[in-house]
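Enquirer: For reference, the structure I am asking about is given below.
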Amino acid sequence: MNYFKTFLLMFGLLALMMAVGQIWGGNQGMITFFIFGLATNFISYWFSDKIVLMMSGAKPVTESELPLVYKIVRRLTQEQNLPMPKIYLMQTQLPNAFATGRNPEHAAVAVTAGILNILDEKELTGVLGHELGHVKNRDILISTIAAAIAGAIMMVSRMALFFGGGSRDDREGRSNAALMLVVAILAPFAAMIIQMAISRSREYAADVTGSQMTRLPLSLASALKKLQAGVRSHPQSASPATAHLYIVSPLSGESFLTLFSTHPPIPKRVQRLEEIASQMGGPGSTPKIVY
């Protein structure tokens, strides 16, 4: 299913690029943007994880630099028979984490310096279990590609707003310029809709999968509350194109409209995690999935 969604995202990007090219420069513009769309799709599939890590300022770290993170991730991946992902660190006090990659064999988990400062070991285990839940559920491909595609759409919208379109001296030119302005305004919303469509349900699913891995749903709930407070206390700029990847939205003002949020509300996630905890019995029990 995720591969089908990925195909739809790539096809949608290609169609958008061709439409913008047609408005901008007729058939020649459509061909040019078709080629640009194909190149973007190719890069998004094979290199989107590297692009996302670069955009986030994440740097690879060794086990001696982050021994606790390596210990937790290694234990969880061995228990779940998952490949060991690469570990990255972002030097920011904004407390957060995300997973990226096109499949479990090419996965990466990134944490910020801020998250290591405010979470205890159980809470950190809950967060890392959530991120490995994304890896196990194989939704890191679509989320990572969505980040690259959202960035491409935003770039096209800025280009459209800057250059305008068509001839300048006739009615058609004015019409094209107006259409390009509409594209420039609506394209970022299209990117946001793409992110919304894949993020909300997958966050709930990763909470469930992570809780099954760690058996620490209440620790994850506690971590989410701390992370939400930490994001509010350390407002920093973050790219809207990658915001949906994080366990908690790094964007300030997420409460603008719940409808347009890339993440489910933290209170609802906490409530579901508390329900999972209440369903957990002995060591061999498995919580009911409540997406």
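One line per residue, one yes/no per condition, for (1) surrounded by fewer than 22 Cβ atoms within 10 Å (Cβ to Cβ); (2) under 22 Å from the mean Cα position of the chain (by Cα); (3) closer than 13 Å to Ala148 by Cα:
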| residue | (1), (2), (3) |
| --- | --- |
| Ala19 | yes, no, no |
| Gln22 | yes, no, no |
| Asn27 | yes, no, no |
| Met30 | yes, no, no |
| Phe34 | yes, no, no |
| Gly37 | no, yes, yes |
| Phe42 | yes, yes, yes |
| Tyr45 | yes, yes, yes |
| Ser48 | no, yes, yes |
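Enquirer: Would you point out which residue out of Pro60, Pro67 is in contact (Cβ under 8 Å) with a residue 12 or more places away in the chain, farther than 17 Å from Ser143 by Cα and surrounded by fewer than 21 Cβ atoms within 10 Å (Cβ to Cβ)?
Expert: Every option except Pro60 fails the conditions.
Enquirer: Given the conditions (1) over 23 Å from Ser222 (Cα atoms); (2) assigned to a helix (DSSP H, G or I); (3) over 17 Å from the mean Cα position of the chain (by Cα), which single one is not true for Ile72?
Expert: Going through (1) over 23 Å from Ser222 (Cα atoms); (2) assigned to a helix (DSSP H, G or I); (3) over 17 Å from the mean Cα position of the chain (by Cα) one by one, Ile72 breaks only (1).
Enquirer: Against the conditions (1) modelled with pLDDT of 95 or more; (2) in contact with a helix residue (DSSP H, G or I) (Cβ under 9 Å, 6 or more places away or on another chain); (3) in a helix (DSSP H, G or I), where does Ala110 fall short? Just the number, please.
Expert: If we test Ala110 against (1) modelled with pLDDT of 95 or more; (2) in contact with a helix residue (DSSP H, G or I) (Cβ under 9 Å, 6 or more places away or on another chain); (3) in a helix (DSSP H, G or I), just (3) comes out false.
Enquirer: Right, next: Looking only at the range 221-247, filter to residues that are at pLDDT below 90 and part of a helix (DSSP H, G or I); which one of those is farthest from Arg102 (Cα to Cα)?
Expert: It comes out as Ser233.
Enquirer: Still on this structure: Has the range 67-84 got any residue that is hydroxyl-bearing (Ser, Thr, Tyr) and closer than 26 Å to Lys225 by Cα?
Expert: yes
Enquirer: Considering each of Ile115, Ile149, Ile140 in turn, give the residue that is under 15 Å from Ala205 (Cβ atoms) and either at pLDDT below 95 or among the hydrophobic types (A, V, I, L, M, F, W, C) (or both).
Expert: Just a single option satisfies the conditions, and that option is Ile140.
Enquirer: Pairs under 9 Å by beta carbon, first residue under 18 Å from Glu123 (Cα atoms) and touching a residue at least 60 places away in the same chain (Cβ under 8 Å) in the range 83-107, partner aromatic (Phe, Trp, Tyr) and crowded, with 21+ Cβ neighbours inside 10 Å, six or more apart or different chains?
Expert: Short answer, once both residue conditions are applied: Asn96/Tyr246; Ala97/Tyr246; Phe98/Tyr246.
Enquirer: Exactly one condition in (1) out of contact with any Leu (no Cβ under 7 Å at 6 or more places or on another chain); (2) crowded, with 20+ Cβ neighbours inside 10 Å is not met by Thr112; state its number.
Expert: Result: Thr112 fails condition (1) only.
Enquirer: Determine whether Val20 is touching a Phe, Trp or Tyr at 6+ places or on another chain (Cβ under 9 Å), assigned to a helix (DSSP H, G or I) and touching a residue at least 24 places away in the same chain (Cβ under 8 Å).
Expert: For Val20, the condition - touching a Phe, Trp or Tyr at 6+ places or on another chain (Cβ under 9 Å), assigned to a helix (DSSP H, G or I) and touching a residue at least 24 places away in the same chain (Cβ under 8 Å) - is met.
Enquirer: May I pose another question? Show the residue pairs meeting these rules: Cβ distance below 7 Å; 6+ apart or different chains; first residue within the range 142-169 and under 15 Å from Leu245 (Cβ atoms); second residue part of a loop (DSSP other than H, G, I, E, B) and at pLDDT 65 or above.
Expert: As it stands, the answer is Thr144/Gly101; Thr144/Arg102; Ala147/Ala241; Ala147/Thr242; Ala150/Ala241; Gly151/Ala241, since those pairs meet every condition given.
Enquirer: Do you know which of the residues in the range 262-291 that are modelled with pLDDT of 65 or more and of a type in the set (Gly, Ala, Ser) is farthest from Val208 (Cα to Cα)?
Expert: Top of the filtered list is Ser278.
Enquirer: Tell me, please, whether a residue that is of a type in the set (Gly, Ala, Ser) and part of a helix (DSSP H, G or I) can be found in the range 43-59.
Expert: yes
The values are calculated or read from the model by the stated rules, or taken from the named source; none is laboratory data. None of these values were measured; they are calculated from a predicted model. FYI the Cβ positions are ideal-geometry reconstructions off the backbone, even for glycines, and counts take in every protein chain you see.
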